[in-house]
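The structure appears right after this line, and notes come after that.
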Amino acid sequence: MEKIKVYLCVDAGGTKSLVGAFTVDGRLLAKATGKSGSPAVIYEKWYQNIDEALNEIIQKNKDKWNLLAIGMGISGLSVINDIKEFEKYFEKKYQTKCWITSDVKSALYSLLNNQYDNGIIVIAGTGVAIYGKNQANEKMLGGWGHLLRERGSAYGAVHDFCVQMIDHYEEGQPLTNLEQAFLNSINLKDIRQLNHLFYQHSKDEIAKLSQFFKLEASKGSQEAINLLIKEGEKLAKQTIDTMKALNLTSPAIIGLTGGFIENDGKLIIDGFKKYMAKYNNELNYNQATLDQLKGVYNYITQNQK
């Protein structure tokens with residue numbers, strides 16, 4: 001029996017890694033799950049964890065499949081200095097071509113169905129990354145990390161709000177209703193305890209506090225509503241800068257994704273769209289759930305030589 005030609009695609013995140021086997025025409029045949037494959041989370045063993053998941057799915061299907069190539073979209077890839085070293089590792093072990101790219105790029109390619117499509121992906125979760133493509137040119141904005149700048153992210157919303165609160169306090173102004181409610185919600189009696197909040201908690205823990213703004217907005221707080229709309233505007237400004245850098249004109253395909261947007265993020269999306277329309281940027285919005293594995297498949301099939 002003739003073996004089925006397949007591409008193995010990996011979506012490696014901070015919690016787990018997914019492996020999908022695709023036919024040449026893009027049909028998903030099988031999936032496997034492995035441990036974290038993000039070098040930002042598990043620096044020493046990230047590629048070994050991916051290797052375990054790959055090996056598992058290959059061993060189960062080695063009599064049925066003819067492996068054409070391996071592609072990977074990796075979270076936290078920027079901490080690795082030499083990607084080629086790891087591509088060579090997998091190529092040698094599995095005797096096939098291997099492409100490794102960032103999960104941000106694979107997210108963009110989940111929007112692009114062919115090599116002639118151009119577009120932008122806006123990822124707003126704990127952090128922010130905006131990635132665009134116009135023909136052969138690609139550009140990323142954001143992705144600086146919470147210690148530098150994450151405008152329009154869940155962490156950034158909480159951080160900037162607390163900085164504003166400190167400014168009000170040091171200028172001798174009274175705290176706003178929302179600021180006082182925020183302190184009450186996390187059981188802080190003194191604004192000076194914000195030091196404890198930021199220096200004794202992880203960025204993920206702080207980012208989760210952004211749910212407070214969404215809850216207050218749902219109760220009708222105009223201050224919270226305005227805050228979330230402004231977060232959308234921050235994302236839109238960075239998107240416009242990305243379009244300018246790429247000379248990407250309207251209309252272009254765009255996807256908005258990430259936990260900050262997807263979890264009760266209507267006001268953020270509204271702020272984003274209104275800001276874009278204000279500056280005459282017409283975009284083809286793709287609000288469908290983005291498939292990272294399919295994005296890896298699109299990336300390797302559209303870029304292989």
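Some points to look at:
- Residue within region 123-145 that is more than 17 Å from the chain's Cα centre (by Cα) and surrounded by 15 or more Cβ atoms within 10 Å (Cβ to Cβ) present: yes
- Qualifying residue in region 237-248 (condition: in a helix (DSSP H, G or I), surrounded by fewer than 22 Cβ atoms within 10 Å (Cβ to Cβ) and of a type in the set (Lys, Arg)): yes
- Residues being closer than 22 Å to residue 256 by Cα and among the hydrophobic types (A, V, I, L, M, F, W, C) - total across region 137-170: 6
- Test for residue 223: is it surrounded by 19 or more Cβ atoms within 10 Å (Cβ to Cβ) and acidic (Asp, Glu): no
- Scanning region 275-299 for residues that are in a helix (DSSP H, G or I), farther than 20 Å from residue 112 by Cβ and either of a type in the set (Ser, Thr, Tyr) or modelled with pLDDT of 95 or more (or both) turns up just one, 275.
- Any pair with Cβ under 9 angstrom, 6 or more apart, that starts in region 214-236 at a residue that is free of Cβ contacts under 8 Å to residues at least 40 places away in the same chain and ends at one that is among the charged types (D, E, K, R) and surrounded by fewer than 21 Cβ atoms within 10 Å (Cβ to Cβ): 215/264; 216/223
- Complete set of residues in region 35-56 that are within 17 Å of residue 82 (Cα to Cα) and assigned to a loop (DSSP other than H, G, I, E, B): 37, 38, 39, 40, 42, 43, 44, 45
- Boolean, residue 194 is surrounded by 12 or more Cβ atoms within 10 Å (Cβ to Cβ), touching a Cys at 6+ places or on another chain (Cβ under 8 Å) and in the same structural domain as residue 270 (by TED's automatic domain parsing): yes
- Residue count for region 245-280, restricted to those that are closer than 13 Å to residue 228 by Cβ and among the small types (Gly, Ala, Ser): 2.
The values are calculated or read from the model by the stated rules, or taken from the named source; none is laboratory data. Since the structure is predicted, the reported quantities are computational estimates derived from the model, not experimental observations. Don't worry about glycine lacking a Cβ; one is built from the backbone with ideal geometry, like all the others, and counts go over all protein chains shown.
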